[in-house]
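Contents: one structure, followed by commentary.
The values are calculated or read from the model by the stated rules, or taken from the named source; none is laboratory data. Quick caveat: nothing in here was measured; it's all calculated off a predicted structure. So basically every Cβ, Gly included, is an ideal-geometry build from the backbone, and we count neighbours across all protein chains shown.
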Amino acid sequence: MVGNILFVVLIIICVVFIFITTVFGSKSDAMSGGSSQIRTTYRGKPGFDDLMSKVTLILGIIFMGLCLIIDIIQQRTAG
């Protein structure tokens, strides 16, 4: 029961994650060299790209955590 609910939440996170990365992905991300640092502006508030980078990072962490939790739950119920 809990595993099914978490699986549905995982699917929703996947759809949101795919939507954000395809629609809001900036063109400068392709040449970033794999750096995971979030750039900020020298003056003022961080821009929209910085916000989307943070959201993408947080969704990735949530996705990974949910995958691990679902795997642990399935192993305990199978054995």
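Taking each residue of region 9-23 that is more than 13 Å from residue 67 (Cα to Cα) and looking for partners that are small (Gly, Ala, Ser) and surrounded by 13 or more Cβ atoms within 10 Å (Cβ to Cβ) with beta-carbon atoms closer than 9 Å, six or more apart or interchain, yields 17/60.
Residue-wise test of (1) in a helix (DSSP H, G or I); (2) at pLDDT 90 or above.
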residue: 5; (1), (2): yes, yes
residue: 36; (1), (2): no, no
residue: 40; (1), (2): no, no
residue: 53; (1), (2): yes, no
residue: 58; (1), (2): yes, yes
residue: 61; (1), (2): yes, yes
residue: 72; (1), (2): yes, yes
residue: 76; (1), (2): yes, yes
